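Reviewing the structure listed below.
What follows draws every value from the coordinates through simple rules; no lab data is involved. Computed from a predicted structure; not experimentally measured. All Cβ positions, even for glycine, are placed from backbone atoms using ideal geometry, and neighbour counts span all protein chains on display.
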Amino acid sequence: MWRDLVIGFASAVVVGWLALVVALLLVRPKGALLAESLRILPDLLRLLKNLATDRALPRGVRVRLGLLIAYLAMPIDLVPDVIPVLGYADDAIIAVVVLRSVVRSVGIEPLRVRWSGTEDGFAALCRVAGLRERTPRP
């Protein structure tokens, strides 16, 4: 009985991981967007820190950003870095998903105000993350 339970659990974990890898393959940045995301990475990390420590933002947004920073700092990834392209892209994809969530919650203006890089870098961030001007949810 225990052996069947362990095998079932392990199978569920493997199937879930494979589904995540397929999802990451489908939504990964294409071509030049991946290179742009690597170029703006230092400014993006500063932006995440600035947003996560800003008490003016809602707590849920700060928690999501804090969890993202913790994930980015972990040496263990969902997709190992030895897998070509996807190994490094998973961090960028997860950052994009969180940034889209933040923009849906508070709008793009807090990102623009706290961006310490160039305007071209912010434009690249918007292209990579698919961010557009939106009004925040009430």
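Go ahead and run the numbers for FRET between Glu109 and Leu41, Cβ-Cβ distance against an R0 of 25 Å, rounding to 0.05.
For R0 = 25 Å, the calculated efficiency reads 0.65.
Please work out how much length the chain gains when fully extended from Asn50 to Val97, using 0.36 nm per residue of separation minus the C-alpha to C-alpha distance, in nm with one decimal. Walk me through the numbers on the way to the answer.
On the way: separation 47, 0.36 × 47 = 16.92 nm, distance 1.78 nm.
So the chain would gain 15.1 nm between Asn50 and Val97.
Any idea how far apart Ala10 and Arg59 come out in nm if each label point goes 7 Å out from Cα toward Cβ?
For the pair Ala10/Arg59, the computed spacing is 4.1 nm.
Between Arg132 and Val22, 0.36 nm times their residue separation minus their Cα-Cα distance comes to what?
Numbers: separation 110, 0.36 × 110 = 39.60 nm, distance 2.61 nm.
Contour length minus the Cα-Cα distance gives 37.0 nm.
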